1. Could you grab me the full set of residues in region A:26-40 that are crowded, with 16+ Cβ neighbours inside 10 Å and among the small types (G, A, S)?
2. Return the total of residues in region A:40-82 being within 13 Å of ligand 1 (Cβ to nearest atom) and touching a residue at least 12 places away in the same chain (Cβ under 8 Å).
3. Answer yes or no: is there a residue in region B:304-312 that is part of a helix (DSSP H, G or I), in contact (Cβ under 8 Å) with a residue 40 or more places away in the chain and within 30 Å of A:I187 (Cα to Cα).
4. Which of the residues that make up region B:4-28 are within 14 Å of another protein chain (Cβ to nearest Cβ), part of a helix (DSSP H, G or I) and open to solvent by less than 70 Å² (accessible area, probe 1.4 Å)?
5. For region A:213-230, what are the residues that are closer than 24 Å to A:E17 by Cβ and not polar (S, T, N, Q)?
6. Determine which member of the set A:S91, A:S58, A:S6, A:S12 is at pLDDT below 90 and touching a helix residue (DSSP H, G or I) at 6+ places or on another chain (Cβ under 7 Å).
7. So which residues in region A:90-139 are in a loop (DSSP other than H, G, I, E, B), away from ligand 1 (no atom under 16 Å from the Cβ) and in contact (Cβ under 8 Å) with a residue 12 or more places away in the chain, if there are any at all?
8. Only residues that are more than 14 Å from chain B (Cβ to nearest Cβ) and either within 13 Å of ligand 2 (Cβ to nearest atom) or among the β-branched types (V, I, T) (or both): list them for region A:37-60, please.
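The values are calculated or read from the model by the stated rules, or taken from the named source; none is laboratory data. Values in this document were obtained by computation on a predicted structure and should not be read as measured data. Heads up, the Cβs are rebuilt from the backbone with ideal geometry, glycines too, and the neighbour counts pull from every protein chain shown. SASA here: full protein model, heavy atoms, side chains in, ligands and nucleic acids out. Shrake-Rupley method; radii C 1.70, N 1.55, O 1.52, S 1.80 Å.
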Amino acid sequence: MLPGSSVTQATSADLAEPIVNLQGMGFAWPNAVRDTLQIESLTIASGERIFLQGASGSGKTTLLSLLGGVLVPQRGTISILGQDISQLKSSKRDSFRADHIGFVFQMFNLLPYLSLLDNVTLPCRFSRKRHQKATQQVTLDGEATRLLEQLQLDPKQFKNRPVTDLSVGQQQRVAVARALIGQPELIIADEPTSALDADARFAFLDLLFKEVEESRATLIFVSHDPSLRTHFHRTVKLADINKAESRGSAV
Amino acid sequence: MSIYMLTLRSLANRKTTVLLTVIAIAISVMLFLGVETLRREAKASFANTVSGTDLIVGARSGSVQLLLYSVFRIGNATNNISWESYEKVSKHRQVAWTIPFSLGDSHRGYRVLGTNLDYFTHFRYGNKRNLEFAEGNAFDGVYEAVLGAEVAKKLGYQLGQSIILSHGTGKVSFSDHSDKPFVVSGILKSTGTPVDRTVHVSLEGIEAIHIGWETGGPTGKLVTAEEALAMDLQPEVITAFLVGLKSKMATFQLQRAINNYRGEPLLAILPGVALQELWGLLAVAENALLTISGFVVVTGLIGMLTVIWSGLNERRREMAILRSVGARPRHIFYLLMLESTLLAAAGVLFGVALLYLGLAVAQPILEQQVGIFIQIRLLSSTDLYLLAAVLLGGCLVGALPAYRAYRLSLADGMTIRI
Ligand SMILES: Nc1ncnc2c1ncn2[C@@H]1O[C@H](COP(=O)(O)OP(=O)(O)OP(=O)(O)O)[C@@H](O)[C@H]1O
Ligand SMILES: [Mg+2]
């Protein structure tokens with residue numbers, strides 16, 4: 001292993017089985033002159049809560065797309081749960097993502113034409129595995145309701161209203177419920193709090209952590225706001241691990 | 001299937017645009033099918049009007065014109081022909097029967113046909129069918145009339161009803177033959193041809209009401225109905241006549257003989273040939289209409305393309321969300337394909353419904369104003385092909401935005417663009 005990858009070594013993570021393991025990974029957007037990302041090594045252990053920090057345009061979202069298998073690196077391997085997803089056929093990658101990863105975006109997470117519950121259960125339409133896990137004890141809607149209630153949302157209250165009526169913070173909590181349903185192993189959140197004010201931000205983080213812990217998922221949380229980092233097990237600065245010449249300004 | 005459900009929900013969420021798009025396609029489909037139906041039905045209606053007649057003879061003019069005014073009661077004759085010529089032809093050894101027509105009067109918008117009893121025995125329509133009486137009999141006296149089915153139905157006439165004929169064929173006539181009323185002696189069964197819209201009287205009846213009207217109005221020496229009966233009611237002129245031959249072989253020979261007749265300028269036509277000529281005349285208009293309505297359909301589909309395409313950008317977010325929960329780029333493609341296919345299908349269905357509604361409304365109007373009887377039938381195989389073509393067009397049109405969304409969703413990764 002190259003010395004530059006030592007950033008990921010100094011935690012308790014090496015004891016547990018790594019859920020994410022990137023080796024010698026390089027990615028360039030089509031038509032781009034240079035690589036956006038060059039990461040020699042990044043390992044994340046199961047159950048970790050990672051704070052991925054980086055300046056705007058530094059490639060955070062790109063990295064998450066690679067982890068989710070929406071993008072494929074030109075070089076190197078990306079292993080999730082021991083499976084090298086860059087070697088998978090694209091359809092297999094898509095179902096792998098559906099089965100094992102839950103996403104929360106910055107904002108506008110919901111499909112405006114689906115009801116609250118249908119938005120939450122959406123991943124179960126694409127993943128039989130998550131559908132099965134979610135319906136082990138209750139109906140699918142029952143599980144969605146349970147998750148929403150734990151996130152302090154009352155689905156009955158929004159039953160006949162479009163999801164676009166929800167406040168931004170409420171929408172983000174629905175997105176968390178959607179990411180969590182069917183207990184995917186990895187939760188990836190791309191600046192989910194940037195549209196929230198400070199109070200709502202911490203309240204949201206508390207709920208998110210509680211739920212992630214409960215479902216024993218691993219969390220990768222992206223933000224450029226360093227004030228949040230103390231809440232996480234570990235901070236990964238993209239500028240430190242990315243050897244590509246970054247056009248974004250380092251934080 | 002989940003994609004199907006998502007598409008439906010997504011469409012339901014955009015009700016207004018979707019509805020407008022569907023309406024645009026539906027109207028274009030209705031127009032397209034409507035033109036096609038009118039074309040077909042008009043032809044069928046014309047072709048059904050006369051059958052078993054070998055020649056139609058009238059004053060020399062265009063053959064289409066003769067065909068139109070003699071059997072379709074459309075337009076008017078420019079000239080009459082003499083009774084003498086008629087007698088000559090009907091006595092020809094090859095001629096099996098003739099039916100004289102004397103036109104020019106009307107009753108409340110319906111044309112009056114002066115003829116003789118041969119009409120009821122020899123006139124054929126459709127698939128060589130004879131005329132049949134629903135009630136009563138053929139006219140016997142001078143002042144008796146036989147009504148076509150529609151005349152009786154629309155005007156609510158029964159046997160024994162007294163009616164007054166008007167001079168000329170306009171809808172509103174100011175010169176009535178009110179001094180010589182006619183009595184309904186019979187009502188014909190419906191035929192689906194102009195016969196239904198005709199009032200039939202004897203040639204003598206026509207003659208009787210025109211005594212003193214030689215100049216076109218009641219200016220001569222007028223007589224009462226009874227006085228007229230005592231007079232010589234043998235007509236001197238008629239408008240046209242139909243000829244049935246003993247052998248079809250003689251058709252062309254007799255036609256030539258009539259066309260070369262020295263006594264007066266006559267024209268003999270074969271109904272089938274004249275119909276073909278009529279179609280030839282109409283083909284240009286027909287094709288123009290069909291082409292235009294075809295383009296209207298294309299416009300409708302382009303409208304749909306515009307709507308879907310312009311919605312794509314704001315739906316990139318939706319695509320990214322779907323991708324994040326495991327949708328494949330293929331799913332995104334299907335989603336949009338399905339959307340346009342559903343829109344086109346809804347447009348087609350709605351269009352067919354509009355077509356039937358339109359036909360139901362247009363049927364009586366066309367029948368009365370133009371004299372073309374439109375039968376409302378199930379969709380023909382041609383119609384179904386046309387509809388399939390519209391659907392296919394919808395799919396093809398949908399493939400464009402679907403492909404673009406597919407490309408975008410591959411290119412965007414997890415980036416949510418707003
Ligand atoms: N779909 C794309 N096609 C081409 N280039 C892209 C695409 N998305 C991002 N990039 C480029 O890749 C680089 C990294 O972008 P990325 O969105 O990953 O940054 P980020 O760290 O998430 O920034 P932010 O904090 O603003 O979200 C940028 O230079 C950007 O221009
Ligand atoms: Mg980003």
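1. Correct list: A:G26, A:A28.
2. Matching residues across region A:40-82 total 18.
3. There is at least one residue in region B:304-312 that is part of a helix (DSSP H, G or I), in contact (Cβ under 8 Å) with a residue 40 or more places away in the chain and within 30 Å of A:I187 (Cα to Cα).
4. Result: B:M5, B:L6, B:T7, B:S10, B:L11, B:A12, B:T17, B:V18.
5. Within region A:213-230, A:E213, A:E214, A:R216, A:A217, A:L219, A:I220, A:F221, A:V222 qualify.
6. Working: A:S91 fails: touching a helix residue (DSSP H, G or I) at 6+ places or on another chain (Cβ under 7 Å); A:S6 fails: touching a helix residue (DSSP H, G or I) at 6+ places or on another chain (Cβ under 7 Å); A:S12 fails: touching a helix residue (DSSP H, G or I) at 6+ places or on another chain (Cβ under 7 Å).
Result of the check over A:S91, A:S58, A:S6, A:S12: A:S58.
7. Hits for region A:90-139 are A:L110, A:L111, A:P112, A:L114, A:S115, A:S127.
8. Let us first name the residues in region A:37-60 that are more than 14 Å from chain B (Cβ to nearest Cβ), namely A:38-51, A:53-55.
Once the filter is applied, which keeps residues that are more than 14 Å from chain B (Cβ to nearest Cβ) and either within 13 Å of ligand 2 (Cβ to nearest atom) or among the β-branched types (V, I, T) (or both), region A:37-60 yields A:I39, A:T43, A:I44, A:I50, A:Q53, A:G54, A:A55.
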